[in-house]
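Colleague: Got a structure for you, questions after.
The values are calculated or read from the model by the stated rules, or taken from the named source; none is laboratory data. Only a predicted model underlies this, so the values are computations on that prediction, with no experimental measurement involved. Here the Cβ is made from the backbone with ideal geometry for all residues, glycine too, and neighbour counts use every protein chain on show.
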């Protein structure tokens, strides 16, 4: 039973992390779009693009781990 509780805690932490990443992604993409609309494609625009790409990769990694631990719960 202890292993099941441990995996559930990891899953909850991953879901919280996923929520934070999605929130950051929404804010950064919105700000980047706003900069583009005002034709202010300077360093902050490109920094926003790069950060968005990194967050998408982090998002995909978290999804991968959630799938892994969900399968692990099924096996327990």
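Colleague: Scan 74, 68, 64 and give me the residue that is modelled with pLDDT under 90 and not in a loop (DSSP other than H, G, I, E, B).
Modeller: Exactly one residue qualifies, and that residue is 74.
Colleague: Suppose we filter segment 57-76 for residues that are touching a helix residue (DSSP H, G or I) at 6+ places or on another chain (Cβ under 7 Å) and more than 26 Å from residue 3 (Cβ to Cβ); how many remain?
Modeller: 2
Colleague: Looking at segment 19-35, I want the residues that are within 10 Å of residue 48 (Cβ to Cβ) and have a partner that is surrounded by 13 or more Cβ atoms within 10 Å (Cβ to Cβ) and at pLDDT 95 or above with Cβ atoms under 6 Å, at least 6 apart or on another chain. Which pairs are those?
Modeller: Close Cβ pairs satisfying both conditions: 28/51; 28/52; 29/52.
Colleague: Return the total of residues in segment 9-40 being over 14 Å from residue 65 (Cβ atoms) and either touching a helix residue (DSSP H, G or I) at 6+ places or on another chain (Cβ under 7 Å) or assigned to a helix (DSSP H, G or I) (or both).
Modeller: Adding up the residues that qualify gives 18.
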